[in-house]
1. Which numbered condition trips up Arg102, out of (1) open to solvent by 80 Å² or more (accessible area, probe 1.4 Å); (2) modelled with pLDDT of 75 or more?
2. Can you pull out every residue in the stretch 111-148 that is of a type in the set (S, T, N, Q), in a loop (DSSP other than H, G, I, E, B) and modelled with pLDDT under 80?
3. From (1) modelled with pLDDT under 90; (2) open to solvent by less than 80 Å² (accessible area, probe 1.4 Å), pick out the condition that doesn't hold for Leu85.
4. Working only within the stretch 93-103, note down all residues that are touching a helix residue (DSSP H, G or I) at 6+ places or on another chain (Cβ under 9 Å) and either over 19 Å from Gly34 (Cβ atoms) or in a helix (DSSP H, G or I) (or both).
5. When you check Gly30 against the structure, is it at pLDDT 60 or above, open to solvent by less than 90 Å² (accessible area, probe 1.4 Å) and farther than 30 Å from Glu123 by Cα, yes or no?
6. For residues in the stretch 55-77 being crowded, with 21+ Cβ neighbours inside 10 Å and among the β-branched types (Val, Ile, Thr), which is nearest to Val121 (Cα to Cα)?
7. Any chance you could count how many residues in the stretch 65-88 are under 13 Å from the mean Cα position of the chain (by Cα), without any contact (Cβ under 8 Å) to a residue 40 or more places away in the chain and either in a loop (DSSP other than H, G, I, E, B) or over 19 Å from Ala32 (Cβ atoms) (or both)?
8. Specify the residue that is modelled with the lowest pLDDT; the eligible residues are those in the stretch 41-54 that are loosely packed, with under 13 Cβ neighbours inside 10 Å and in a helix (DSSP H, G or I).
Amino acid sequence: MKEDGNHLPKALEQQDSTLRSVLQMHATRGLASGNRISYDFHGYENQQTIASSDPHGNILRRMRVTYGIDPVALATLACISVNQLYALDNGDLSLFHSVTSRNIAARRVAQLMGSDWDQIVDESFDCSNLVPLGVPPDTATEPKINTE
């Protein structure tokens with residue numbers, strides 16, 4: 001088989017393509033496994049139906065709860081960690097490099113759930129069919145530990 005130096009032979013191209021898809025599969029499996037471990041470790045299942053202080057993140061969470069979407073699967077499909085998914089819900093920027101990278105991740109998550117992040121941000125998104133979330137507990141009224 002003669003090659004011109006610019007292209008791999010067809011068999012090598014197919015092998016390279018197969019290798020790339022296998023590597024991507026393992027990377028996705030690794031992210032999914034890490035996300036599941038993190039989800040279980042941090043006890044995120046207890047936070048599923050609690051509202052956060054970020055109104056846009058609340059819409060993402062309400063959509064996830066309404067549609068019954070597994071946060072681990074959603075985070076994995078969006079190529080982010082489950083911690084970053086919950087940071088999106090809570091308006092936390094600390095797990096993202098910049099506001100731009102946070103918005104890119106939020107846009108991807110919203111798109112995976114069939115909505116548009118820009119509509120959520122400009123408040124034109126109709127969320128009347130989404131389930132309401134519970135009010136977060138007020139930590140100021142919780143009993144304090146007596147150190148005496």
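1. (1)
2. Our first condition is that a residue be of a type in the set (S, T, N, Q); within the stretch 111-148, this holds for 111, 115, 119, 124, 128-129, 139, 141, 146-147.
Next cut, in a loop (DSSP other than H, G, I, E, B) only: 115, 124, 128-129, 146-147.
Those that are of a type in the set (S, T, N, Q), in a loop (DSSP other than H, G, I, E, B) and modelled with pLDDT under 80: Asn146, Thr147.
3. All conditions are met except number (1).
4. Here is the first cut: in the stretch 93-103, the residues touching a helix residue (DSSP H, G or I) at 6+ places or on another chain (Cβ under 9 Å) are 93-96, 102-103.
Across the stretch 93-103, the qualifying residues are Leu93, Arg102, Asn103.
5. Details: at pLDDT 60 or above: yes; open to solvent by less than 90 Å² (accessible area, probe 1.4 Å): yes; farther than 30 Å from Glu123 by Cα: yes.
Against the criterion (at pLDDT 60 or above, open to solvent by less than 90 Å² (accessible area, probe 1.4 Å) and farther than 30 Å from Glu123 by Cα), Gly30 qualifies.
6. Selected residue: Ile59.
7. Within the stretch 65-88, the first condition is being under 13 Å from the mean Cα position of the chain (by Cα), and the residues that meet it are 69-88.
Narrowing the set further to residues that are without any contact (Cβ under 8 Å) to a residue 40 or more places away in the chain leaves 70-71, 74, 77-78, 80, 84-85, 87-88.
Keeping just the survivors that are either in a loop (DSSP other than H, G, I, E, B) or over 19 Å from Ala32 (Cβ atoms) (or both) gives 70, 78, 80.
Here the count works out to 3.
8. Going through the stretch 41-54, the residues loosely packed, with under 13 Cβ neighbours inside 10 Å turn out to be 41, 43, 45-46, 53.
Within this subset, residues satisfying the condition of being in a helix (DSSP H, G or I) are 41, 45-46.
Values: Phe41: 69, Glu45: 64, Asn46: 58.
Ranking the candidates gives Asn46 first.
The values are calculated or read from the model by the stated rules, or taken from the named source; none is laboratory data. Quick caveat: nothing in here was measured; it's all calculated off a predicted structure. Virtual Cβ from ideal backbone geometry, glycine too; neighbours counted across all protein chains shown. Accessible surface areas use protein heavy atoms only, side chains included; no ligands, DNA or RNA. Shrake-Rupley method; radii C 1.70, N 1.55, O 1.52, S 1.80 Å.
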